[in-house]
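Comments concern the structure below.
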Amino acid sequence: MDTKLITRLKEFYTLETFQVAFYQAQISTSTNEYYSKAFEKMVQIEGGHADFFAQLLDKSSVEVPKVIGSVFEFAGGLLGDMVGSTGAVNTCKLGIALENKAMETYRAFIAESKEKHYSELRDTLMEYLLDEEFHTLWLRDYMEKHPN
């Protein structure tokens with residue numbers, strides 16, 4: 001596995017780990033059952049993404065970024081708690097920003113994987129991009145329907 005691919009896999013692992021921590025914090029701060037259920041689902045999906053990238057790194061005998069992951073988990077949780085206490089709209093706005101970053105990164109990686117002929121990886125990346133797009137749509141919809 002080339003160094004650029006390893007760097008990308010680490011980048012995705014870190015981004016997905018941060019999203020998991022941020023969304024996990026929303027579950028514990030909300031009293032709205034539906035809202036919490038949506039974030040539980042997002043944690044499950046984003047956690048699966050992070051696990052996938054960790055497994056690819058592990059199979060390539062590359063150490064999964066544990067220190068960065070721990071720092072990002074802490075930062076994601078802290079940020080999630082702070083934003084969660086200011087209301088659902090701010091949480092959704094930050095969630096959308098995180099999802100936009102993830103989508104941008106996935107699109108770039110999908111283009112790179114086509115050039116390198118990583119077709120199996122490319123299919124998974126497209127599935128994960130769809131997940132990020134669906135999360136963004138839910139966050140926007142929730143924010144519009146629940147402005148307070």
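The values are calculated or read from the model by the stated rules, or taken from the named source; none is laboratory data. Since this is a predicted model, take the numbers as computed values, not measurements. Note that each Cβ is placed from the backbone with ideal geometry, even for glycine, and that neighbours are counted across all protein chains shown. These area figures cover heavy atoms from the full protein model, side chains too; ligands, DNA and RNA do not enter into them. Shrake-Rupley method; radii C 1.70, N 1.55, O 1.52, S 1.80 Å.
Partner aspartates and glutamates whose Cα lies under 17 Å from the Cα of K93, excluding those fewer than 8 positions away in the same chain, are identified as D81, E104, E132, E133, D141, E144.
In order along the stretch 95-100, the Karplus-derived 3J(HN,Hα) couplings, from 6.51 cos²θ - 1.76 cosθ + 1.60 at θ = phi - 60°, round to x, 4, 4, 5, 5, 4 Hz, and Gly and Pro are given as x. With the full set of protein chains in place, find how many percent of the accessible area of the stretch 3-146 is carbon and sulfur; take the probe as 1.4 Å. Answer for the stretch 3-146: carbon and sulfur cover 57 percent of the accessible area. Spin-label model, R107 to Q44: label points 7 Å out along the Cα-to-beta-carbon direction sit 2.9 nm apart.
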